[in-house]
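Working notes, beginning with the structure itself.
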Amino acid sequence: MFQASPVLVGDTLYLLSTKGRMILVRAARTFEQIGQNELPESFTASPAFAPGRIYLRGSRHLYCIENQQ
């Protein structure tokens, strides 16, 4: 189940389920799941993006996931 809005960043669609599963799908004519991660709490808020970072507000915590390339 999903309550958060899907977010398109570049050619990647981010889908965050209420159970904490983030599914990444390539925005293309054919379906291609390119990733999946899970966090241990529930989510209803849409993810927010900043350069190199994703912010997620869970039911108990605020997460910042950073790309350290």
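What follows draws every value from the coordinates through simple rules; no lab data is involved. It should be emphasised that the depicted structure is a prediction, and the values quoted were computed from it without experimental measurement. Cβ coordinates were reconstructed from backbone atoms using ideal geometry, including for glycine residues, and neighbour counts include every protein chain displayed.
Annotations for the structure displayed:
- Scanning segment 33-58 for residues that are surrounded by 11 or more Cβ atoms within 10 Å (Cβ to Cβ) and in a loop (DSSP other than H, G, I, E, B) returns LEU39, GLU41, SER42, THR44, ALA45, SER46, PRO47.
- Flag for ARG29 being loosely packed, with under 15 Cβ neighbours inside 10 Å, of a type in the set (D, E, K, R) and over 22 Å from ASN67 (Cα atoms): yes
- Of all residues making up segment 3-17, the number that are surrounded by fewer than 15 Cβ atoms within 10 Å (Cβ to Cβ) and within 11 Å of the chain's Cα centre (by Cα): 5
- Cβ-Cβ under 6 Å pairs, at least 6 apart or on other chains, segment 19-46 side hydroxyl-bearing (Ser, Thr, Tyr), far side part of a loop (DSSP other than H, G, I, E, B): SER42/THR18; SER42/SER59; THR44/GLN3; SER46/ALA4; SER46/SER5
- The set of residues in segment 11-26 being within 20 Å of MET1 (Cα to Cα) and assigned to a loop (DSSP other than H, G, I, E, B) consists of SER17, THR18, LYS19, GLY20.
- Unique residue being more than 10 Å from the chain's Cα centre (by Cα) and among the hydroxyl-bearing types (Ser, Thr, Tyr) when the list is SER59, SER46: SER59
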